[in-house]
Amino acid sequence: MPSAVTARSASGEAEGHVTLSEEYASLVPPLSAADKEWLEFEVADAGAVVGDGSRLASKIVLSPEMNGMVVGVMHTHSQNRN
């Protein structure tokens, strides 16, 4: 049964930017223009780059083919707002 994943900061605030290897990025839909724009805003102060493997964590639906996947959780702009 597929399930969505959401990365959260220590404060419980939903965070979005994760990176996937090319192997696993091909198993999920590409970023929409709106999602890419949001991620570019979120990573602006963190020095990160939105790349081909960038995704919003909350939009990843897990499947058996993703068994063993390692996800990079990126520091985002919203974590600097506290």
Open item on the list: Just to be sure I understand the filter: pairs with C-beta atoms under 9 Å, separated by 6 or more residues or on different chains, first member in the range 26-41 and surrounded by 14 or more Cβ atoms within 10 Å (Cβ to Cβ), second member in a helix (DSSP H, G or I) and modelled with pLDDT of 90 or more. Which pairs pass?
Closed with: 27/65; 27/66; 28/66
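Name every residue in the range 15-59 that is aliphatic (A, V, I, L, M) and in contact with a helix residue (DSSP H, G or I) (Cβ under 8 Å, 6 or more places away or on another chain), in order of residue number.
Going through the range 15-59, the residues aliphatic (A, V, I, L, M) turn out to be 18, 20, 25, 27-28, 31, 33-34, 39, 43-44, 46, 48-50, 56-57.
Hits for the range 15-59 are 18, 27, 28, 31, 43, 44, 46, 50, 56.
Is it the case that some residue within the range 53-76 is under 11 Å from the mean Cα position of the chain (by Cα), of a type in the set (D, E, K, R) and modelled with pLDDT of 90 or more? Outline the logic, then answer.
So in the range 53-76, the residues under 11 Å from the mean Cα position of the chain (by Cα) come out as 53-60, 71-76.
Filter again for of a type in the set (D, E, K, R), leaving 55, 59.
Still in the list and also modelled with pLDDT of 90 or more: 55.
Checked against the condition, which is being under 11 Å from the mean Cα position of the chain (by Cα), of a type in the set (D, E, K, R) and modelled with pLDDT of 90 or more, the range 53-76 yields at least one hit.
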Open item on the list: Could you go through the range 45-57 and let me know if any residue there is in contact (Cβ under 8 Å) with a residue 40 or more places away in the chain, under 14 Å from residue 20 (Cβ atoms) and either surrounded by fewer than 16 Cβ atoms within 10 Å (Cβ to Cβ) or not aromatic (Phe, Trp, Tyr) (or both).
Closed with: yes
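The values are calculated or read from the model by the stated rules, or taken from the named source; none is laboratory data. Note that the coordinates shown come from a computational prediction; the quantities given were computed from them, not determined experimentally. Ideal geometry is used to build each Cβ from the backbone, glycine not excepted, and the neighbour counts take in all protein chains shown.
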